[in-house]
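Accompanying notes for the structure given below.
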Amino acid sequence: MSVNSASSKQTWSAEKYSEHGRFVADLAGAVFQWLAPEAGEKILDLGCGDGALTQKIAETGADVLGVDMSDDLLSAARGRGLSVRSGDGQALDFSAEFDAVFSNAALHWMSQAEKVIDGVFRALKPGGRFVAEFGGHGNVAAIVTAMRAVGERRGGEPSLAGPWFFPSTNVYADMLLDAGFEVRRVELHPRPTPLKSGMKEWLKLFRKPFFEQFDEESEKVLAEVEELLRPSLCDARGNWTADYVRIRVEAVKPV
Ligand code: BEZ
């Protein structure tokens, strides 16, 4: 999902995402089971990215539409033969069209969470379900803290280290209830995530705007952040693990 925040724009390259971010779709088994798509259902995949999961949903026989803001990822999804369109998850304009709205690893990019939830609620038919997984409270906390520390030491803008929305279960459940949803389940799961491509590639893929602020020093800043993280997130064999925490939700629009 590409996103515009006040101070930064995160953009995605489909090629880089496929090379270093494939694990995002690969690890989505549980939320996919929660969705349990059925043939003939109309499903919206919010923040569909390159369509890896959208395709899995389509393979069940469901009629799925993917929405994302990244043109590069959308063309990769179109290349899979999927039905997708460009759109901002914070300004959805569907009305009672879908049996389910699904989202994996995208909602933490959308800081206006109330607008997202309201748009999802409107998009669902009565009785329709909202099933999503994204970063929960404490997600990548060590990584963000290391970036903030190095950013402050170098006189940079530390807030560029973490623009994400990582709510706790209570906060998110209350937001769903306020919007009119019935909340079926909201769970927080620590999910230490092996980074096959290493920490530097993760940082470059997910937090480019933070490093770009240091211009020609950005490679040095990247190395400093990596070194700060090494004792806690890299094992004796050089394998990196990110401190992911997921929030998984299922809520229903009352009939
Ligand atoms: C996540 O999927 O948890 C995530 C993605 C981008 C940045 C930080 C976290």
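Where in the chain lies the longest segment free of GluC sites (Glu not before Pro) that are both loop residues by DSSP (not H, G, I, E, B) and have at most 14 other Cβ atoms within 10 Å? Can you show the working numbers first?
Values: sites that count: Glu38, Glu97.
With GluC sites (Glu not before Pro) excluded where exposed in loops, the chain gives 98-255 as its longest stretch.
Can you pull the Kirkwood radius for the range 14-252, inverse mean 1/r over Cα pairs, to one decimal in Å? All intermediate terms of the calculation are to be shown ahead of the outcome.
On the way: mean 1/r = 0.0538 Å⁻¹.
With all distinct Cα pairs of the range 14-252 included, I get 18.6 Å.
Quick one: angle between helix 141-153 and the longest Cα principal axis of the chain, in degrees between 0 and 90, rounded to 10, please.
40 degrees
Have a look at Val186, Val245, Val171 and tell me which one the Gaussian network model of the chain (Cα, springs below 10 Å) gives the largest fluctuation.
Answer for the Gaussian network model of the chain: Val171.
Between the range 87-103 and the range 112-130, what is the C-alpha centre distance in whole Å?
So the separation of the two Cα centres works out to 6 Å.
For the chain, what does the helix formula give at 222 nm: sum of -39500 (n - 2.57) over DSSP H segments with n ≥ 4, over the residue count, nearest 500 deg cm²/dmol? Write out the running numbers ahead of the final one.
Details: 11 runs with 100 residues, N = 255.
After summing the helix terms and dividing by residue count, I get -11000 deg cm²/dmol.
Please compute, over every Cα-Cα pair in the range 84-155, the percentage with a separation greater than 17 angstrom. Don't skip to the answer; put the middle values down first.
Values: 1393 of 2556 pairs.
Percentage above 17 Å: 54.
Does the range 79-118 come out rounded, prolate or oblate, given a ≥ b ≥ c as the square roots of the eigenvalues of its C-alpha gyration tensor, rounded meaning a/c under 1.5 and, failing that, prolate meaning a/b above b/c? Spell out each step's value before the answer.
Numbers: a/c = 1.85, a/b = 1.31, b/c = 1.41.
Oblate.
Any read-out appearing in this document is the output of simple, stated calculations on the displayed coordinates, not a laboratory observation. Source: prediction; values computed, not measured. All Cβ positions, glycine included, derive from the backbone under ideal geometry; neighbour counts span all protein chains shown.
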